[in-house]
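Enquirer: Okay, here's the structure, questions in a sec.
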């Protein structure tokens with residue numbers, strides 16, 4: 001295997017061959033096969049309680065771009081459109097029907113995109129959290145580039161070459177805690193507890209992470225995919241108060257298998273508290289059935305966890321896909 005060209009022995013998440021989480025793994029050999037077997041035997045995931053059509057009517061709406069000021073639209077799954085300081089930033093945009101290396105197999109949408117690339121406002125910057133197909137979707141990026149060929153793109157270490165092959169002209173690679181200025185904004189790549197793999201031969205060869213975008217209107221945190229880690233609280237301690245956060249609540253079942261890399265709603269609420277966020281909305285649910293839970297379970301468990309913690313729903317909301325949250329600095 002090739003040596004990691006970014007290797008820095010002083011950084012705990014670097015290895016000579018790639019990258020790792022500082023937290024120790026609890027997984028054992030054969031766990032993937034065990035999960036797939038149990039999932040198939042139990043016929044999981046089950047559909048939402050009222051069916052997929054009713055779920056879509058309850059949790060989906062087209063994007064309304066008449067909102068003014070800084071804020072974020074949830075585009076479904078992990079896709080977010082952020083407006084900050086007059087700039088439009090897309091995070092992990094996915095408009096495709098499937099998230100897979102092939103168009104005929106793999107996780108398929110249960111809810112449609114709330115907007116398509118040809119109806120978006122002008123995009124200045126795209127941020128990618130890691131290389132999994134449900135976060136780095138080449139057809140979506142290609143469609144965006146046809147409209148916005150001058151978009152800048154920022155990615156974790158090891159992904160620049162792939163994005164250049166997509167057609168981007170300007171791509172920046174960042175390591176955890178790196179900062180890059182962009183159009184009056186400060187963009188930071190921050191840690192996440194996850195992993196990367198695009199093919200059977202490139203496991204953890206590229207880095208993963210979350211993003212913090214800071215502007216005059218406030219500081220926005222996008223966690224990307226992450227399992228729970230108390231060390232994530234360092235993000236706000238280093239970078240300042242988070243005015244608005246997009247935090248994941250889906251793909252957590254079965255917990256014995258998913259917990260290292262995806263966060264369940266009750267732990268998302270703990271993370272929200274440890275980060276001392278002013279406001280947050282839930283993401284990474286409602287579109288693709290990646291875990292064993294039904295699509296309608298994550299927002300229900302989130303509401304229960306918020307009630308148990310005494311946090312008002314307005315402070316941490318489960319938006320409909322396509323919904324908007326305004327951001328304001330405290």
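Just so you know, all these numbers are worked out from the coordinates, no wet-lab data involved. Remember, predicted model here, so these are calculated numbers, not experimental data. FYI the Cβ positions are ideal-geometry reconstructions off the backbone, even for glycines, and counts take in every protein chain you see.
Enquirer: Gaussian network model of the chain, Cα springs within a sub-10 Å range: biggest mean-square fluctuation belongs to which of 192, 78, 305?
Expert: 305
Enquirer: Okay, next question. Just want the ordering: 327, 50, 197, from fewest to most Cβ atoms lying within 10 Å of their own Cβ.
Expert: 50, 197, 327
Enquirer: Quick one: among 201, 176, 35, which has the greatest mean-square fluctuation in a GNM of the chain with alpha-carbon springs under 10 angstrom?
Expert: Looking only at 201, 176, 35, the biggest GNM fluctuation is shown by 201.
Enquirer: Efficiency by 1/(1 + (r/R0)^6): what FRET value for residue 328 and residue 36, r their Cβ-Cβ distance, R0 = 51 Å, to the nearest 0.05?
Expert: According to the calculation, E is roughly 0.70.
Enquirer: Of (1) 36; (2) 44; (3) 54, which one was derived for percent of Cα pairs over 28 Å apart from the structure shown?
Expert: The listed entry that was calculated here is (1).
Enquirer: From the helices alone, meaning DSSP H stretches of at least four residues, give me the mean residue ellipticity at 222 nm for the chain, per-run term -39500 (n - 2.57), in deg cm²/dmol to the nearest 500.
Expert: Per the formula, -6000 deg cm²/dmol.
Enquirer: Would you mind pulling out the separation of the Cα centroids of region 168-197 and region 260-305, in Å?
Expert: Region 168-197 and region 260-305 have Cα centres spaced 23 Å from each other.
Enquirer: Ok, one more. Please check: in the Gaussian network model of the chain (C-alpha springs, under 10 Å), which one of 51, 224, 215 has the largest mean-square fluctuation.
Expert: Highest fluctuation among the options: 51.
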